[in-house]
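One structure is given below, encoded as structure tokens.
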Amino acid sequence: MPSLRELQRAFARAVFEGDEAAVAGLIRARGIPAPDRLSVYRNNVLGNLRDALADVFETVHALVGPEFFDHAAECYARRTPSVSGDLNDYGAGFPEFLRDFAPAASLVYLPDAARLDWACHESLLAPDPEPGDFTALAAVDPADYPRIRFEVHPALRLLRSPYPLFRIRRICTDPAAADERVDLAAGADCLVVARPGAHVEIATVTPGQFELLAALQRGEPFGAACDRALAVDPDADVSAWLHAQVAAANLTGWELT
Amino acid sequence: MSGAPTREAGRGPIPARAGVGLRAPHYKEILDRHPPVAWFEVHSENVFCAGGFPLHDVERIRADYPLSFHGVGLSLGSADPLDARHLARLRERVRRLEPGLVSEHLSWSSVDGRYLHDLLPLPCTRAAVIHVADRIRRVRDYLGREILIENVSSYLEYTQSEFPEWEFLVEVLERADCGALLDVNNLYVNAVNHGFDPLAYLEAIPLARVREIHLAGHSRERIAGRELLIDTHSRPVAEPVWDLYHRAIERFGPVPVLIEWDADIPPIETLLGEARRADRLLEPSRAVSA
């Protein structure tokens, strides 16, 4: 008699690799052959993983259609183990997988669309910030500004793409925009995925603003972050940007270091 | 007996009435309209997230309704060690949301660290009883509270099984000394799929063990020329399952009963209708026990 582990391993091999040799002999046939019984489980398992990916990667789903998506998702599910009992954790590697997925090679923007979908998913489920207090910031000597470190909202995600991703996602997910067209040559997008309240919002920012936020998110002090932003956009009004980010709740705290 | 529970009902025990499975497409409507539902049950994993509306909406709903946790990812029957990270997340959320009941499945869903995200059947063996009952006890000790164990639907039986499914369930309940969440639809599905008498199954479960009942819809499929019932949770509760539910509450008395619907989720009105029917059938047993 096989051990419980041997039985479960054989079962998983049948589901993911189609190798039923070991487990079929452990199943009572009784009218329905073991391979047919196992196919019910294979459909359930792969279906659950596919559906989970479809929920998260809604832009990709809209771009390629349900049939293509199901095929891609199933290929991914077979080769990429889910390592958490919470299905919400599954799919981090899907954008990378799509980059190397030959049938999708002509859709050059697809991996970036997937990255944006995953960023939205991560942002939605990210922790809430500790409430910050910016009133005392007014009392800081301007000479000390460069040394301020800002805390960035834990749900903030930054994403850059050579394609007009913002518009692509809007057309895919907003029924009111479904008839619009995208010019792939329309240029690059710098995107901020944020969750000011309980829901996720996406905004486009300038390359300078993007550099500023990225540097702050990496934990760099304000002075160094400004240098990076000004290197990209010498005319930037960094102070106005900063106020806007505080107002948008993308910055949730600060300290003088 | 109907009508919205009062605000004070939030954080209370789960009443012996019909509740509804809490699913994300209904969060907003529940918060806006406060429909008359005696209690809700959320999948534990759906409140594992660190923040965002999936957590906040459930917290707000929890303030107004009794809430239970129903886990689908603990993999109690796996040969792997218990997943410490999963358990820690569960314990943290149990402490935060204080559910009236916590339940999991008599099944496995992972091996060698790979999750299949399905409730897979265990072989009905003495070794499996010992294995899973020990793990139920450890989870209960870790959480510091009782967990109910649910029977699952299945589409196969193992040659190595030593006793019928109901004996396996009872052995586990006795050895772990825990309560049962009796899924009447799963029981019916398995009775048809494996050819046993569902009433004999009901008769085998000790009266005091059953603390909750689940009801859901199944589909009929033809596979290899034979009919197989699939536990899809995508349809209304089937008539033979209502009949079996009636027999179950005659036997087990008034217990909390839940309507589950997980695929092709309909408007909440449909679920309320199913819950009303479940409640009507519960009324005679409540009158007797009152």
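Rule-based calculations on the coordinates, nothing more; no lab input. Only a predicted model underlies this, so the values are computations on that prediction, with no experimental measurement involved. Here Cβ is always computed from backbone atoms with ideal geometry, including for glycine, and neighbour counts include all displayed protein chains.
See the values below:
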read-out: Any pair with Cβ under 6 angstrom, 6 or more apart, that starts in region B:160-175 at a residue that is over 14 Å from B:Ile130 (Cβ atoms) and ends at one that is part of a helix (DSSP H, G or I); value: B:Trp166/B:Tyr201; B:Trp166/B:Ala204; B:Val170/B:Ala204
read-out: Elements of type strands (runs of 3 or more DSSP E) in region B:183-265, at least 3 residues being within 14 Å of the chain's Cα centre (by Cα) and at negative phi; value: B:210-215, B:257-259
read-out: Subset of region A:144-165 [more than 26 Å from the chain's Cα centre (by Cα) and not basic (Lys, Arg)]; value: A:Asp144, A:Tyr145, A:Pro146, A:Ile148
read-out: Candidates B:Leu156, B:Leu122, B:Leu116, filtered to the one that is assigned to a loop (DSSP other than H, G, I, E, B), within 9 Å of chain A (Cβ to nearest Cβ) and without any contact (Cβ under 8 Å) to a residue 40 or more places away in the chain; value: B:Leu156
read-out: Residue that is surrounded by the most Cβ atoms within 10 Å (Cβ to Cβ) [pool: residues in region A:51-97 that are at the interface with another protein chain (Cβ under 9 Å from one of its Cβ atoms) and either of a type in the set (Asp, Glu) or over 27 Å from B:Ser75 (Cβ atoms) (or both)]; value: A:Asp86
read-out: Any hit, region B:93-100, residues being under 27 Å from A:Val45 (Cα atoms) and either polar (S, T, N, Q) or at the interface with chain A (Cβ under 9 Å from one of its Cβ atoms) (or both); value: no
read-out: Output for region B:117-128, where each listed residue is more than 19 Å from the chain's Cα centre (by Cα) and surrounded by 24 or more Cβ atoms within 10 Å (Cβ to Cβ); value: B:Ala128
read-out: Residue, surrounded by the most Cβ atoms within 10 Å (Cβ to Cβ), within region A:179-197, restricted to residues that are in a loop (DSSP other than H, G, I, E, B) and among the aliphatic types (A, V, I, L, M); value: A:Val182
read-out: Selected residue (only one of B:Ala128, B:Ala50, B:Ala79 is at the interface with chain A (Cβ under 8 Å from one of its Cβ atoms), part of a loop (DSSP other than H, G, I, E, B) and within 25 Å of A:Ser3 (Cβ to Cβ)); value: B:Ala79
read-out: Scan of region B:176-193 for residues that are touching an Asp or Glu at 6+ places or on another chain (Cβ under 8 Å), closer than 19 Å to B:Asp243 by Cα and touching a residue at least 12 places away in the same chain (Cβ under 8 Å), ordered by number; value: B:Leu181, B:Leu182, B:Asp183, B:Asn185, B:Asn186, B:Val189, B:Asn190, B:Val192
read-out: Top-ranked residue in region A:19-47 [being surrounded by fewer than 17 Cβ atoms within 10 Å (Cβ to Cβ) and within 36 Å of the chain's Cα centre (by Cα); ranked as nearest to A:Pro2 (Cα to Cα)]; value: A:Asp19
read-out: Any hit, region A:114-122, residues being away from chain B (no Cβ under 14 Å), outside any helix (DSSP H, G or I) and not hydrophobic (A, V, I, L, M, F, W, C); value: no
